[in-house]
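Read through the structure below, which is laid out as structure tokens, and then see the notes.
The values are calculated or read from the model by the stated rules, or taken from the named source; none is laboratory data. Quantities reported herein were computed from a predicted structural model and do not represent experimental measurements. For neighbour counting, all protein chains shown are included, and Cβ atoms are generated from backbone atoms with ideal geometry for every residue, glycine included.
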Amino acid sequence: MSNNDNKIEDKIKLKVYRENRGQNSKSYYDSFEVPYKRWTTVLDALLYVKGYIDPSLAIRYSCRMASCGSCGMKINGIPRLACYTKISELETSTIECEPLGNFPIIRDLVTDFSLFYKHHKNIQPYIQSTESVETAAEEKTYSYNQSPQDVDKYLQFSYCIKCGLCYSACPTVGTDLRFPGPQALAQLYRYFADTRDESKNRLNIVDDRHGIWRCHFAGSCSKVCPKGVDPALGIQLLRSYMLGVSKNNKKQAEKIEVNLD
Amino acid sequence: MEIQRVLKESQIMKIHYITGIAAIFVVAIHIMMRLVVPFESSLNYDYIIANYKNIFYVLILESILVLISVHGFNGIRVILLELRQNTAWEKVITVITISSMIALIAYGTRTIILANGL
């Protein structure tokens, strides 16, 4: 541990959005002075406030390691994960924490994800195949096997943790709540590009007035994703396929006869 | 009138993109035809009427009219669809934009035909 790590803690001003929808109270900002060190995250600071200053502060969090996607919020105006954002990296004397945009507020920094999950559920986020894993194993066809190239087609999209940051950053969702949003559309591409998926109806789900064609390609979804997913790319790939510009070279992995003798 | 039942949104957007790209070319030809003579002469009454008598120019004008109308009114429909999300609004917007598009194309075509003296 360096000497710099042992020095007296600096303090940061935390400006937090407060609102309680249940009590129909007006929204306001609370300010707190919070000590921090080089490694302190915004979530650590908020938990310090909750633990030592104001226990009524509402935050949603769980894993504290950017895996669960629970602590999404706007930090200095940009949707980020609080557990993945270090105070020292923000390089400002005041940090403003607000609930995610495009989500109804429940209380303080906690937002309602019902519609977000509904859009996600609508795109049928699961592999649809006529052949079950058990059948494939019994018949030794192994059609579920995939080559590394097949996996590469959708791998980055499978890293999505459903934190809602892309949905919050999307300008189309801001005006059109029936638009599925970048998360759902990127997940649709994830299953569409999967060689094991045989669904023929998946694209029709988003081929309507408020579907995939309403994307303005602002690209803010890809910019805010904490997991390096590029939802804008997924949307454009889907659109090019639907326009017939690109051919989907998805094909079932070759059936491999395995001789166990 | 439910355009959605006739055409999928992907088909509508395909038409939108094709008309947009095609319009660039015909408008470019239209502008170039203006540039082959001095600019002021290109606005001369006799020159314009002579142009209307040229069947090639008339076809260019008609295609500009159709392409820009289809592309433009669909663009307006798309913008307005985002403002509100209810079926009645969407139906009204669809009917208004399609009927406006047809009216504009009809009026423009009438002008071209009259000027051509057909």
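Can you tell me which residue is surrounded by the fewest Cβ atoms within 10 Å (Cβ to Cβ) among those in the stretch A:70-105 that are touching a helix residue (DSSP H, G or I) at 6+ places or on another chain (Cβ under 8 Å) and at positive phi?
Filtering first and then ranking leaves A:N76.
Could you please tell me which pairs satisfy a Cβ distance under 7 Å, a separation of 6+ or placement on different chains, a first residue in the stretch A:5-31 that is outside the structural domain of A:R60 (by TED's automatic domain parsing) and more than 22 Å from A:P104 (Cβ to Cβ), and a second residue that is modelled with pLDDT under 80 and in a strand (DSSP E or B)?
none
Quick check on the stretch A:201-214: of everything there that is among the basic types (K, R) and in a helix (DSSP H, G or I), which residue is nearest to the other protein chains (Cβ to nearest Cβ)?
Initial filter on the stretch A:201-214 (among the basic types (K, R)): A:202, A:209, A:214.
Still in the running and in a helix (DSSP H, G or I): A:202, A:214.
On the way: A:R202: 13, A:R214: 6 Å.
Ranking the candidates gives A:R214 first.
Taking the stretch A:93-128 on its own, how many of its residues are over 23 Å from A:L47 (Cα atoms), in contact with a Gly (Cβ under 6 Å, 6 or more places away or on another chain) and not in a helix (DSSP H, G or I)?
Of the residues in the stretch A:93-128, the ones over 23 Å from A:L47 (Cα atoms) are A:102, A:114-128.
Now drop any that are not in contact with a Gly (Cβ under 6 Å, 6 or more places away or on another chain), which leaves A:102, A:116, A:119.
Subsequent filtering for residues that are not in a helix (DSSP H, G or I) retains A:102.
So the count comes out to 1.
Collect the residues in the stretch A:71-92 that are touching a residue at least 12 places away in the same chain (Cβ under 8 Å) and assigned to a loop (DSSP other than H, G, I, E, B), keeping them in residue-number order. First the steps, then the outcome.
First, the residues of the stretch A:71-92 that are touching a residue at least 12 places away in the same chain (Cβ under 8 Å): A:71-88, A:90, A:92.
Hits for the stretch A:71-92 are A:C71, A:N76, A:G77, A:T85, A:T92.
For every residue, the table says whether it meets (1) within 14 Å of chain B (Cβ to nearest Cβ); (2) of a type in the set (D, E); (3) without any contact (Cβ under 8 Å) to a residue 24 or more places away in the chain.
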| site | (1), (2), (3) |
| --- | --- |
| A:S158 | no, no, no |
| A:C170 | yes, no, no |
| A:T175 | yes, no, yes |
| A:R178 | yes, no, no |
| A:Q187 | no, no, no |
| A:R190 | no, no, no |
| A:S199 | no, no, no |
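From the list B:I79, B:I102, which residue is hydrophobic (A, V, I, L, M, F, W, C), away from chain A (no Cβ under 14 Å) and farther than 25 Å from B:M32 by Cβ?
Values: B:I79 fails: away from chain A (no Cβ under 14 Å).
After ruling out the rest, the residue left standing is B:I102.
Any idea which residue in the stretch A:215-246 is nearest to the other protein chains (Cβ to nearest Cβ), counting only those that are farther than 16 Å from A:F192 by Cβ and assigned to a loop (DSSP other than H, G, I, E, B)?
So the residue we want is A:H216.
I need the helices (runs of 4 or more DSSP H) fully contained in the stretch B:6-118, keeping only those with at least 3 residues that are of a type outside the set (A, V, I, L, M, F, W, C) and over 24 Å from A:M242 (Cα atoms). Spell out the reasoning first.
On the way: elements: B:9-35, B:39-42, B:45-53, B:55-83, B:87-116.
Qualifying helices (runs of 4 or more DSSP H): B:39-42, B:45-53, B:55-83, B:87-116.
A:S129 fails exactly one of the following numbered conditions: (1) on the phi > 0 side of the Ramachandran plot; (2) modelled with pLDDT under 95; (3) surrounded by 15 or more Cβ atoms within 10 Å (Cβ to Cβ). What is the number of that condition?
The one condition A:S129 does not meet is (1).
From the list B:S69, B:S41, B:S63, B:S10, which one is without any contact (Cβ under 8 Å) to a residue 60 or more places away in the chain, within 14 Å of chain A (Cβ to nearest Cβ) and among the polar types (S, T, N, Q)? Can you show your working first?
Values: B:S69 fails: within 14 Å of chain A (Cβ to nearest Cβ); B:S41 fails: within 14 Å of chain A (Cβ to nearest Cβ); B:S63 fails: within 14 Å of chain A (Cβ to nearest Cβ).
Only one candidate qualifies: B:S10.
Give B:A103, B:A115, B:A88, B:A28 a once-over and let me know the one that is within 24 Å of A:I212 (Cβ to Cβ) and of a type in the set (G, A, S).
Numbers: B:A103 fails: within 24 Å of A:I212 (Cβ to Cβ); B:A115 fails: within 24 Å of A:I212 (Cβ to Cβ); B:A28 fails: within 24 Å of A:I212 (Cβ to Cβ).
Going through B:A103, B:A115, B:A88, B:A28 in turn, the sole match is B:A88.
What pairs can you find where one residue is in the stretch A:111-132 and without any contact (Cβ under 8 Å) to a residue 12 or more places away in the chain, the other is surrounded by fewer than 16 Cβ atoms within 10 Å (Cβ to Cβ), and their Cβ atoms are less than 6 Å apart, with a gap of 6+ or different chains?
A:D112/A:P104
Which of (1) hydrophobic (A, V, I, L, M, F, W, C); (2) surrounded by 12 or more Cβ atoms within 10 Å (Cβ to Cβ); (3) closer than 30 Å to A:S158 by Cα is the odd one out, the single condition A:W39 does not satisfy?
Exception for A:W39: condition (2).
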